[in-house]
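The values are calculated or read from the model by the stated rules, or taken from the named source; none is laboratory data. Computed from a prediction, not measured in an experiment: that's the story for all the values here. All Cβ positions, glycine included, derive from the backbone under ideal geometry; neighbour counts span all protein chains shown. The area values use the complete protein model at the heavy-atom level, side chains included, leaving out ligands, DNA and RNA. Shrake-Rupley method; radii C 1.70, N 1.55, O 1.52, S 1.80 Å.
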Amino acid sequence: RQAADLIEKQRLLNEYKYLSVRSLEIVKRAGVARSPADMEELDKVLAHPLLADERLTGSVSALLFFYDCHIFYCFSDRQYARMLPWLEKILRLLESIPEVIRRYPTRYSDMLYNYVNCLANVGRYKEMFAALQKLKRLPISSDMLAARNFYSAYFLELEFYLKCAEFGKAVRTVRQIEEGAAQQGIPFPNKEVESLFYGDSARAYFGIGD
């Protein structure tokens, strides 16, 4: 009986992993959906009976894949209000198992990043800044991931201030990025991030007339 249960759990896990990978493939290919065909493919994935109820998952790993599928779907169609509860669920689950965060820090930081972005899009700014601080303080041992997380967190803040035309606060964030990067020895992860930083910096200083 025990062996049969383990086999069934593994079968379910494989099914959920496939659905998650399939969803991610569509999202990465299409980005934010630009045609009905993109969403039709995701609709087919989400219509799978295993994605109807999280109680069907049978394990934490399968549950994470379950949440992934719903998050990817909402992201692709910019359904921020619908995506928010799924992000809150996956973050609560990850935070309840610190070992998972230690082993897969990118997964947690990505979901936290998406959560901050989602809160901004639904206008829950007080919660957004609280989550943003959590993202900034996230301990990451890998230098590459630390740099990625540092710039991701501060760029979210910078883009928010630029979007709201709060140029003084945007300039303050630019200086925090410069000072933090210098003090912690964090280089730009790539040329794209570097170009984005200088472009946003110019917009911020132009906004205050400097």
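Structure above, values below:
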{"read-out": "Pair list, Cβ under 9 Å, 6 or more apart: region 73-97 residue in contact (Cβ under 8 Å) with a residue 60 or more places away in the chain and β-branched (Val, Ile, Thr), other residue open to solvent by 70 Å² or more (accessible area, probe 1.4 Å) and in a helix (DSSP H, G or I)", "value": "none"}
{"read-out": "Unique residue being in contact (Cβ under 8 Å) with a residue 12 or more places away in the chain, touching a helix residue (DSSP H, G or I) at 6+ places or on another chain (Cβ under 9 Å), hydrophobic (A, V, I, L, M, F, W, C) and surrounded by 18 or more Cβ atoms within 10 Å (Cβ to Cβ) when the list is Leu24, Leu42", "value": "Leu42"}
{"read-out": "Meets criteria (open to solvent by less than 90 Å² (accessible area, probe 1.4 Å), aliphatic (A, V, I, L, M) and in contact with a Cys (Cβ under 8 Å, 6 or more places away or on another chain)) for Leu12", "value": "no"}
{"read-out": "Among the residues listed as Ala130, Ala147, Ala120, the single one being of a type in the set (A, V, I, L, M), over 21 Å from Ala182 (Cα atoms) and in contact (Cβ under 8 Å) with a residue 40 or more places away in the chain", "value": "Ala120"}
{"read-out": "Members of region 84-132 that are of a type in the set (S, T, N, Q) and over 20 Å from Ser142 (Cα atoms)", "value": "Ser96, Asn114, Asn117, Asn121"}
{"read-out": "Residue among Ala182, Ala81, Ala165, Ala130 that alone is open to solvent by 40 Å² or more (accessible area, probe 1.4 Å), among the aliphatic types (A, V, I, L, M) and under 30 Å from Ala47 (Cβ atoms)", "value": "Ala81"}
{"read-out": "Out of Ser152, Ser109, sole residue that is open to solvent by less than 30 Å² (accessible area, probe 1.4 Å), of a type in the set (Gly, Ala, Ser), assigned to a helix (DSSP H, G or I) and under 25 Å from Thr173 (Cα atoms)", "value": "Ser109"}
